[in-house]
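Working notes, beginning with the structure itself.
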Amino acid sequence: MRRKAVAAALAIGVVLSLLPVYQSQAWWSNGHRLMTTEAIKLIPDPEWRQFFEHYAYFLNETCVWPDSIYKAEDPMEEPRHYYDLEIPPDKRTYRDGVLPQAVHNYTMAMVEALKRGDWFEALALAGRVAHYVEDAHQPYHCTVNYNPMDKHGLADSLVEKHWGELTLDLSAPIEPIDNLTQFAFDIIVDSNRKVARLNATLIGDPNDPSDDREWSDDLRDLISEQASRAIVAVARVWWTAITMAGVEPPDLSQSYSISVDLAAPDRAKTRLLAEATVIDGLEIPLDAEVTWTFGQDSGQARRADVGLYKIRIDSEVLQKYAGQTVTLTVKAAKEGYGTAEASAQIYVEPLEVPTPQPSGPALELKWVALIAIVVVAAVVVILLLRRR
């Protein structure tokens with residue numbers, strides 16, 4: 001059951017990532033990945049830090065799922081990414097933003113996943129809450145005036161585009177948080193106070209369209225400050241979840257095995273589409289070399305997402321085995337993890353053979369005969385008319 005849930009989550013991610021997402025995406029995907037990776041290094045406990053480092057590749061995916069998956073999947077997702085601070089409490093609606101509540105709710109969900117030893121869910125939630133915390137450090141996500149002079153998208157790009165130029169200060173202590181909602185709200189208040197500063201450094205003179213300050217020393221300092229605060233805040237939220245759960249990290253030696261699940265139809269005719277999900281010993285998606293064999297034919301599976309592979313076999317190959325039940329076998333291999341196989345029996349339906357149509361000399365004879373009949377009929381009609 002757990003493997004089916006992993007496969008379903010990855011498959012949904014692939015499908016929805018192809019859909020357009022019209023809402024803003026704070027810090028862009030790689031900006032989120034860069035900050036999330038830095039936060040891993042700040043986890044105080046060496047064993048927990050090793051666990052997060054081991055699965056940094058997966059956190060690099062889950063930290064962007066709120067933009068790439070959840071927004072398209074859940075109509076309630078968008079307000080979790082922002083908070084319009086200027087709207088008074090008695091006038092607020094859900095659409096005005098619920099970012100502080102999202103940080104609290106999904107951190108607590110992470111606590112429960114850690115307690116259960118559900119490492120897939122814990123890492124998915126760790127990436128999710130990291131995304132929200134990082135969004136809270138984008139000033140335009142904390143104000144009703146979120147897109148001044150159409151600069152929101154440019155602001156989102158700055159961490160990713162200028163990462164190598166930022167000066168990070170990650171010296172703040174990583175301590176558990178007493179009140180997660182208030183913690184997130186305080187971040188939003190601080191970010192909101194920086195909106196004017198961001199406007200001044202990013203927009204320049206609003207009356208002069210040519211005064212476009214896409215990058216400057218002042219802007220670099222501001223983005224360095226916000227990125228630094230975001231990284232520390234993410235580490236603190238994770239550490240809070242870990243301490244609240246009160247559990248030990250899993251034994252990573254158990255992760256060094258591999259298994260593969262195959263989802264394939266039991267019949268195929270013109271095309272066979274199948275999916276293979278590869279996971280490690282802790283049931284976390286894992287990239288590997290994935291190949292398939294079908295009868296005497298073989299090929300390489302296409303990577304669709306971390307741990308998810310697509311297999312496509314077209315009619316030319318399928319119809320070699322028309323009327324037969326053939327075994328599709330998928331093999332996954334990764335150095336240090338070993339190999340694994342999964343297979344399915346697939347009946348290949350023969351293509352319908354179209355009724356042959358006459359052609360060439362036979363077709364020409366049919367036309368000659370038809371014309372002759374018409375001519376004879378016409379002559380008969382003429383003769384009958386003359387007799388009258």
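The values are calculated or read from the model by the stated rules, or taken from the named source; none is laboratory data. Only a predicted model underlies this, so the values are computations on that prediction, with no experimental measurement involved. Here Cβ is always computed from backbone atoms with ideal geometry, including for glycine, and neighbour counts include all displayed protein chains.
Among D156, D150, which is out of contact with any helix residue (DSSP H, G or I) (no Cβ under 6 Å at 6 or more places or on another chain) and not β-branched (V, I, T)?
Details: D156 fails: out of contact with any helix residue (DSSP H, G or I) (no Cβ under 6 Å at 6 or more places or on another chain).
Just a single option satisfies the conditions, and that option is D150.
Scan segment 168-197 for residues that are without any contact (Cβ under 8 Å) to a residue 24 or more places away in the chain and either small (G, A, S) or touching a Cys at 6+ places or on another chain (Cβ under 8 Å) (or both) and report the count.
2
Hey, could you check segment 153-167 for residues that are touching a residue at least 60 places away in the same chain (Cβ under 8 Å) and of a type in the set (D, E) and say which is surrounded by the most Cβ atoms within 10 Å (Cβ to Cβ)?
Looking at the filtered set, the residue picked out is D156.
Inspect all residues belonging to segment 119-135 and state whether any of them is assigned to a loop (DSSP other than H, G, I, E, B) and crowded, with 24+ Cβ neighbours inside 10 Å. Walk me through it before giving the result.
Taking segment 119-135 as the starting set, the residues that turn out to be assigned to a loop (DSSP other than H, G, I, E, B) are none.
No: zero hits.
Please specify each residue of segment 331-346 satisfying the condition of being surrounded by fewer than 15 Cβ atoms within 10 Å (Cβ to Cβ) and in contact with a Lys or Arg (Cβ under 9 Å, 6 or more places away or on another chain).
T339, E341
Are any of the residues in segment 220-229 surrounded by fewer than 16 Cβ atoms within 10 Å (Cβ to Cβ), modelled with pLDDT of 95 or more and assigned by TED's automatic domain parsing to the domain that holds V111? Let's see the steps before the verdict.
First pass over segment 220-229, keeping only residues surrounded by fewer than 16 Cβ atoms within 10 Å (Cβ to Cβ): 221.
If we keep only those that are modelled with pLDDT of 95 or more as well, we get 221.
Subsequent filtering for residues that are assigned by TED's automatic domain parsing to the domain that holds V111 retains 221.
Yes, that holds for at least one residue.
All but one of (1) under 30 Å from A109 (Cα atoms); (2) of a type outside the set (V, I, T); (3) in a helix (DSSP H, G or I); (4) in contact with an Asp or Glu (Cβ under 9 Å, 6 or more places away or on another chain) hold for L154, so report the exception by its number.
Only one criterion is unmet by L154, namely (1).
Looking only at segment 273-308, how many residues end up being in contact (Cβ under 8 Å) with a residue 60 or more places away in the chain and on the phi > 0 side of the Ramachandran plot? Walk me through it before giving the result.
The initial filter retains those residues of segment 273-308 that are in contact (Cβ under 8 Å) with a residue 60 or more places away in the chain, namely 274-279, 282-285, 287, 304-308.
Restricting the remaining residues to those that are on the phi > 0 side of the Ramachandran plot gives 283, 307.
The qualifying residues number 2.
What's the number of the only condition in (1) surrounded by fewer than 17 Cβ atoms within 10 Å (Cβ to Cβ); (2) part of a loop (DSSP other than H, G, I, E, B); (3) not hydrophobic (A, V, I, L, M, F, W, C) that K115 fails to meet?
K115 satisfies every listed condition except (2).
Could you pull out the residue among A72, A130, A136, A102 that is closer than 30 Å to D251 by Cβ and under 23 Å from the mean Cα position of the chain (by Cα)?
Numbers: A72 fails: closer than 30 Å to D251 by Cβ; A136 fails: closer than 30 Å to D251 by Cβ; A102 fails: closer than 30 Å to D251 by Cβ.
Every option except A130 fails the conditions.
Can you report the number of residues in segment 79-94 which are in contact with a helix residue (DSSP H, G or I) (Cβ under 6 Å, 6 or more places away or on another chain), assigned to a helix (DSSP H, G or I) and free of Cβ contacts under 8 Å to residues at least 60 places away in the same chain?
Applying the first criterion (in contact with a helix residue (DSSP H, G or I) (Cβ under 6 Å, 6 or more places away or on another chain)) to segment 79-94 yields 79-85, 87, 94.
Pick out the ones that are also assigned to a helix (DSSP H, G or I) and you get 79-81, 94.
With the extra rule that they be free of Cβ contacts under 8 Å to residues at least 60 places away in the same chain, the set shrinks to 79-80, 94.
Residues in segment 79-94 being in contact with a helix residue (DSSP H, G or I) (Cβ under 6 Å, 6 or more places away or on another chain), assigned to a helix (DSSP H, G or I) and free of Cβ contacts under 8 Å to residues at least 60 places away in the same chain: 3 in total.
For L351, indicate whether it is assigned to a loop (DSSP other than H, G, I, E, B), of a type in the set (A, V, I, L, M) and surrounded by fewer than 21 Cβ atoms within 10 Å (Cβ to Cβ). Steps first, please.
Details: assigned to a loop (DSSP other than H, G, I, E, B): yes; of a type in the set (A, V, I, L, M): yes; surrounded by fewer than 21 Cβ atoms within 10 Å (Cβ to Cβ): yes.
Here the answer is yes, as L351 does meet what is asked.
Being among the hydrophobic types (A, V, I, L, M, F, W, C), in a helix (DSSP H, G or I) and surrounded by fewer than 22 Cβ atoms within 10 Å (Cβ to Cβ) is the filter here; which residues of segment 271-330 pass it?
Our first condition is that a residue be among the hydrophobic types (A, V, I, L, M, F, W, C); within segment 271-330, this holds for 272-274, 276, 278-279, 282, 284, 286, 288, 290, 292, 294, 301, 304, 306, 308, 311, 313, 317-318, 322, 326, 328, 330.
Now drop any that are not in a helix (DSSP H, G or I), which leaves 317-318.
Correct list: V317 only.
Do we have any residue at all in segment 216-230 that's of a type outside the set (G, A, S), in contact with a Gly (Cβ under 7 Å, 6 or more places away or on another chain) and under 30 Å from E175 (Cα atoms)? Explain how you work it out, then say what you get.
From segment 216-230, those of a type outside the set (G, A, S) are 217-223, 225-226, 229; that's our starting set.
Next, from what is left, pick out any that are in contact with a Gly (Cβ under 7 Å, 6 or more places away or on another chain): none.
Within segment 216-230, not a single residue is of a type outside the set (G, A, S), in contact with a Gly (Cβ under 7 Å, 6 or more places away or on another chain) and under 30 Å from E175 (Cα atoms).
Hey, among the residues in segment 234-270 that are small (G, A, S) and assigned to a strand (DSSP E or B), which one's surrounded by the most Cβ atoms within 10 Å (Cβ to Cβ)?
The first filter runs over segment 234-270 and keeps only residues small (G, A, S), leaving 235, 241, 245-246, 253, 255, 257, 259, 263-264, 268.
Next cut, assigned to a strand (DSSP E or B) only: 259, 263, 268.
Working: S259: 18, A263: 16, A268: 21.
Checked segment 234-270; the qualifying residue surrounded by the most Cβ atoms within 10 Å (Cβ to Cβ) is A268.
With respect to A172, is the statement that it is in the same structural domain as N105 (by TED's automatic domain parsing) and either surrounded by 16 or more Cβ atoms within 10 Å (Cβ to Cβ) or among the hydroxyl-bearing types (S, T, Y) (or both) true? Step through it out loud before you land on a result.
Numbers: in the same structural domain as N105 (by TED's automatic domain parsing): yes; either surrounded by 16 or more Cβ atoms within 10 Å (Cβ to Cβ) or among the hydroxyl-bearing types (S, T, Y) (or both): no.
In short, no.
Within segment 175-185, which residues are in a helix (DSSP H, G or I) and either surrounded by 14 or more Cβ atoms within 10 Å (Cβ to Cβ) or among the β-branched types (V, I, T) (or both)? Spell out how you get there, then give the answer.
Here is the first cut: in segment 175-185, the ones in a helix (DSSP H, G or I) are 180-185.
Within segment 175-185, L180, T181, F183, A184, F185 meet the criteria.
Please enumerate the residues belonging to segment 249-306 that are of a type in the set (K, R) and more than 23 Å from the chain's Cα centre (by Cα).
Our first condition is that a residue be of a type in the set (K, R); within segment 249-306, this holds for 267, 269, 271, 302-303.
Matches in segment 249-306: R267, K269, R271.
What are the residues in segment 92-112 that are surrounded by 24 or more Cβ atoms within 10 Å (Cβ to Cβ) and basic (K, R), if any?
Selection gives nothing.
So, in segment 309-349, of the ones that are without any contact (Cβ under 8 Å) to a residue 60 or more places away in the chain and under 30 Å from Y256 (Cα atoms), which residue ends up farthest from the chain's Cα centre (by Cα)? Steps first, please.
Going through segment 309-349, the residues without any contact (Cβ under 8 Å) to a residue 60 or more places away in the chain turn out to be 309-327, 329, 335.
From what is left, the residues that are under 30 Å from Y256 (Cα atoms) are 309-312, 327, 329, 335.
Numbers: Y309: 14, K310: 15, I311: 19, R312: 21, T327: 31, T329: 27, E335: 26 Å.
Only one residue tops the list, namely T327.
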